[in-house]
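Structure first, then comments.
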């Protein structure tokens, strides 16, 4: 089991320049966002976790001790591009890779562990974490067919009214077969408004190529909330205080 943790962001909406630090080092209830994520991944050996850094990366090197590997994403060209930066660390590895986010401190260790368990049991190429939430935030909606299998994701801004009523969300956390992941990252296109390479396109490739995609669903949970704004940081802090 290995993992890539995406932590290159600047955190502009979090006013990180004012605090002169990268987003993942912002603190909530006494610990950096990134430390919560690494704690939840503590069932994976430190040397098998690659952290993608960018903005003020030296501060992350300084703060995060242990045997973690670091790679640098100097240009912010999207989540797919961030994972591409880590390819060198997985050259001879054939197995599952979890992609997690350094600014999502509320995920439980059991959620990540269960994803690996399902991935292995189902012999899947991709395992997608989904969440069912009654009043969903503006995340992509999971589309399923009559058999209940996932057939796609529609981003909130592109949803019809009917699709917006779907309460199962794509939260952007995945386990991939490493070989499939790195072969197909090279095929990503950046023909979108942001001109970025999106990791969310990889599950679609899995389905298009007839490979096996499965899901693990969590219900009515705060786990899926990440930190992009000052309000979200305050929310996460409150949840962490209550759970400790």
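The values are calculated or read from the model by the stated rules, or taken from the named source; none is laboratory data. Note that the structure is predicted; figures quoted are calculated from it, not measured. Neighbour counts are summed over all protein chains in view; Cβ atoms, including those assigned to glycine, are modelled from backbone coordinates with ideal geometry.
Is it the case that residue 181 is touching a strand residue (DSSP E or B) at 6+ places or on another chain (Cβ under 8 Å), part of a loop (DSSP other than H, G, I, E, B) and either without any contact (Cβ under 8 Å) to a residue 60 or more places away in the chain or surrounded by 16 or more Cβ atoms within 10 Å (Cβ to Cβ) (or both)?
Details: touching a strand residue (DSSP E or B) at 6+ places or on another chain (Cβ under 8 Å): yes; part of a loop (DSSP other than H, G, I, E, B): no; either without any contact (Cβ under 8 Å) to a residue 60 or more places away in the chain or surrounded by 16 or more Cβ atoms within 10 Å (Cβ to Cβ) (or both): yes.
Spelling it out, it is not the case that residue 181 is touching a strand residue (DSSP E or B) at 6+ places or on another chain (Cβ under 8 Å), part of a loop (DSSP other than H, G, I, E, B) and either without any contact (Cβ under 8 Å) to a residue 60 or more places away in the chain or surrounded by 16 or more Cβ atoms within 10 Å (Cβ to Cβ) (or both).
Restricted to the stretch 186-231, and to residues there that are in a helix (DSSP H, G or I) and touching a residue at least 60 places away in the same chain (Cβ under 8 Å), the residue that is surrounded by the fewest Cβ atoms within 10 Å (Cβ to Cβ) is 230.
When the stretch 104-146 is filtered for residues that are part of a loop (DSSP other than H, G, I, E, B) and closer than 29 Å to residue 26 by Cβ, the ones remaining, listed by number, are 104, 105, 106, 107, 108, 133, 134, 135, 136, 137, 138, 139.
Just for helices (runs of 4 or more DSSP H) wholly inside the stretch 1-85: which have at least 1 residues that are surrounded by 22 or more Cβ atoms within 10 Å (Cβ to Cβ)? Give the steps one after another, and end with the answer.
Working: elements: 16-19, 33-40, 57-63, 79-84.
In the stretch 1-85, 33-40, 57-63, 79-84 are the helices (runs of 4 or more DSSP H) which contain 1 or more residues that are surrounded by 22 or more Cβ atoms within 10 Å (Cβ to Cβ).
Under 6 Å between Cβ atoms, at least 6 apart or on separate chains: pull out the pairs that start in the stretch 57-72 with a residue that is under 14 Å from residue 46 (Cα atoms) and end on any residue that is exposed (fewer than 13 other Cβ atoms within 10 Å of the Cβ). Short answer, once both residue conditions are applied: 67/47.
Please indicate, with yes or no, whether at least one residue in the stretch 26-43 is over 23 Å from residue 233 (Cα atoms), in contact with a helix residue (DSSP H, G or I) (Cβ under 8 Å, 6 or more places away or on another chain) and modelled with pLDDT under 95. No, because not a single residue in the stretch 26-43 is over 23 Å from residue 233 (Cα atoms), in contact with a helix residue (DSSP H, G or I) (Cβ under 8 Å, 6 or more places away or on another chain) and modelled with pLDDT under 95.
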